[in-house]
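The values are calculated or read from the model by the stated rules, or taken from the named source; none is laboratory data. Treat the numbers as computed from the prediction; the structure is a model and nothing was measured. All Cβ positions, glycine included, derive from the backbone under ideal geometry; neighbour counts span all protein chains shown.
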Amino acid sequence: MAEVSQQSAPRVKYAVFGAGITGYNIIVELLKENAGFLVIDRDEQRVKELRDRKIDAIKKEFHDPGLLLGIHEFEIAFVLTGDQETNLSAVRAIKMRYPVAHIVARAVDPLGITALESAGAEFVFYPPQLIAKNALFQINKLHANKISQRLYNILAGWEGTLGIITHKNPDPDAISSAMALAAIARNANPQKLNCRIFYEGVIGHQENRTMVNLLEIRMERMTPQVVQECNFLALVDCAGPGINNSLSPRTHIDIILDHHKDGMHSEATAGFVDIRPGLGATASILTQYLQELDIPVDKPVATGLLYGIRSDTKDFKRNVTPQDMSYAAFLLPLTDADLLDKIMSPSLSQETLDVLGSAIRNRKIRSGYLFSNVGYIRNRDTLPQAADLLINLEGVNTALVYGITDEAIIMSVRNRDIRLHIGNVLAEAFGDIGEAGGHPNMAAAIIPLTFFSRAENKDQLLSLIIDPVLRKFTDIVGLENEGKNEI
Ligand SMILES: [Mn+2]
């Protein structure tokens with residue numbers, strides 16, 4: 001028997017000081033975790049009851065200087081009696097004997113919180129406060145679930161076209177929120193509801209354009225006419241018609257999702273309004289909907305939303321809340337890290353800079369059409385960047401930048417003339433001799449050199465063959481041929 005007592009209690013991870021009502025609930029949780037723990041209480045009867053249930057428990061007086069004698073070092077201590085002074089002296093005794101152990105202590109009144117913290121407890125909780133916080137958390141969660149469901153049901157009942165309107169000069173938060181709302185609508189109503197995303201102003205920064213291009217987001221320029229074509233309208237990242245958008249304030253809006261501080265003062269009414277000025281991004285609201293509705297989030301949407309949260313909170317440094325962080329954490333494993341990297345740091349290589357330089361230098365403009373020959377290029381990705389840049393030039397509605405690689409003539413076109421579907425124009429002009437097509441506002445063409453002699457000097461070859469090639473384009477768009485040699 002002497003041998004057994006020398007072995008004393010086995011090493012445990014947790015020690016629970018005080019097995020009253022709070023301690024008992026901790027014990028129930030620890031049992032679920034299957035972790036080793038020891039209970040210390042001054043009530044002999046309670047210790048006996050615990051032991052009867054095969055729980056390691058010993059009787060000790062908490063004010064006794066020998067409180068920790070015979071108790072192995074533990075990693076975490078819970079100090080939970082209903083008496084402030086008892087808890088305080090236990091915390092001090094534990095810190096003295098086992099300074100590395102972490103202590104969770106119960107404050108019996110609000111004043112006790114600081115006293116226990118100063119004594120060395122790492123985490124002090126005051127039960128009434130904990131209950132209040134938890135109740136609020138739970139009710140917010142329940143509310144989020146109910147409103148997500150309500151939005152879903154509204155979308156599921158619609159028939160026709162939903163126009164999703166981002167604010168003026170949309171940023172990643174607005175763009176990704178629009179994408180996510182479209183994804184929810186698609187999930188709720190794949191058959192009868194069609195979504196279109198609109199913007200006005202310009203998609204400004206290189207990062208934003210890169211985002212739209214890389215995530216293949218279809219965005220259309222907003223005009224009174226396209227708004228008319230929609231049966232339903234949603235506003236994302238702005239609080240009402242006429243607020244950071246050029247809609248008439250009387251426009252009927254069906255959905256408003258926003259997080260701006262002044263959004264709360266918006267008088268706008270809509271069938272569904274969710275404005276949360278406390279949150280760092282509208283993308284956070286949309287992430288919560290996706291989460292609550294258990295809708296699978298595809299990579300482009302997840303990548304867009306994460307970028308939206310990051311850029312609206314200046315990389316978690318501005319107006320950020322724990323919710324924003326937790327939504328970002330939820331999105332992270334669903335995103336495409338490489339893509340996010342590319343969006344956030346669109347690199348400007350030496351070659352890109354050279355191509356941009358040539359594109360600017362060699363530009364020719366005729367009736368709103370810009371043509372620019374950048375000559376021989378190694379990396380065809382530089383052309384869209386040049387076209388992106390040149391479409392911003394005053395008086396230019398369509399920018400066509402072209403160059404030549406070892407295998408093909410490459411063209412990249414940007415268009416903001418809404419009467420022109422540039423993807424269709426390119427397909428019509430070059431579809432028979434290469435790959436060509438795209439969207440109303442951006443398109444590309446690749447014409448293999450197999451159609452032409454394989455000359456050594458590619459720059460020379462390009463100037464020899466480009467005129468007849470471009471004529472196919474100018475004929476379709478109705479540009480006069482008089483200035484053909486200027487191209
Ligand atoms: Mn925003």
> In region 386-416, how many residues are assigned to a loop (DSSP other than H, G, I, E, B) and in contact with a strand residue (DSSP E or B) (Cβ under 9 Å, 6 or more places away or on another chain)?
Replying inline: 10
> Is at least one residue of region 262-284 of a type in the set (D, E, K, R), more than 16 Å from the ligand (Cβ to nearest atom) and in contact (Cβ under 8 Å) with a residue 24 or more places away in the chain?
Replying inline: yes
> With G20, G66 as the choices, which residue is among the small types (G, A, S), surrounded by fewer than 17 Cβ atoms within 10 Å (Cβ to Cβ) and under 18 Å from F125 (Cα atoms)?
Replying inline: G20
> Is it the case that region 279-300 has a residue that's over 13 Å from the mean Cα position of the chain (by Cα) and within 22 Å of E207 (Cα to Cα)?
Replying inline: no
> With respect to L151, is the statement that it is touching a strand residue (DSSP E or B) at 6+ places or on another chain (Cβ under 9 Å) and of a type in the set (A, V, I, L, M) true?
Replying inline: yes
> Quick one: how many residues across region 173-199 are within 16 Å of the ligand (Cβ to nearest atom) and farther than 21 Å from I295 by Cα?
Replying inline: 1
>> Being closer than 23 Å to T382 by Cα, of a type in the set (S, T, N, Q) and surrounded by fewer than 23 Cβ atoms within 10 Å (Cβ to Cβ) is the requirement here; does N424 meet it?
In response: yes
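This table checks each residue for (1) of a type in the set (A, V, I, L, M, F, W, C); (2) closer than 30 Å to H259 by Cβ; (3) modelled with pLDDT under 90.
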site	(1), (2), (3)
N319	no, yes, yes
I343	yes, yes, yes
S347	no, no, yes
Q350	no, no, yes
S358	no, no, no
S367	no, no, no
L390	yes, no, no
N397	no, no, no
>> If I filter region 285-303 down to residues being of a type in the set (S, T, Y) and within 16 Å of the ligand (Cβ to nearest atom), which single residue comes out as nearest to A337 (Cα to Cα)?
In response: T287
> Got a number for residues in region 306-319 being within 12 Å of the ligand (Cβ to nearest atom) and either farther than 16 Å from A180 by Cβ or β-branched (V, I, T) (or both)?
Replying inline: 5
> How many of the residues making up region 368-385 are assigned to a helix (DSSP H, G or I) and touching a strand residue (DSSP E or B) at 6+ places or on another chain (Cβ under 7 Å)?
Replying inline: 2
>> I need a count of the residues in region 201-228 that are more than 16 Å from the ligand (Cβ to nearest atom) and either within 25 Å of the chain's Cα centre (by Cα) or touching a residue at least 40 places away in the same chain (Cβ under 8 Å) (or both).
In response: 18
>> Take the residues in region 141-176 that are of a type in the set (S, T, Y) and not in a strand (DSSP E or B); name whichever of them is surrounded by the fewest Cβ atoms within 10 Å (Cβ to Cβ).
In response: Y152
>> Out of everything in region 351-410 that is hydroxyl-bearing (S, T, Y) and under 20 Å from G423 (Cβ atoms), what residue ends up being surrounded by the most Cβ atoms within 10 Å (Cβ to Cβ)?
In response: Y402
> Under the condition of being free of Cβ contacts under 8 Å to residues at least 60 places away in the same chain and touching a strand residue (DSSP E or B) at 6+ places or on another chain (Cβ under 6 Å), which residue from region 229-246 is nearest to the ligand (Cβ to nearest atom)?
Replying inline: A239
>> Quick check on my filter: what residues within region 116-126 are under 41 Å from the mean Cα position of the chain (by Cα) and not in a loop (DSSP other than H, G, I, E, B)?
In response: L116, E117, S118, F123, V124, F125
> If you take just the strands (runs of 3 or more DSSP E) that sit entirely in region 180-237, which of them hold at least 2 residues that are touching a Ser or Thr at 6+ places or on another chain (Cβ under 8 Å) and over 17 Å from H252 (Cα atoms)?
Replying inline: 193-199
> Does region 35-77 hold any residues that are in contact with a strand residue (DSSP E or B) (Cβ under 9 Å, 6 or more places away or on another chain) and of a type in the set (G, A, S), and which are they?
Replying inline: A35, G36, A57, G70, A77
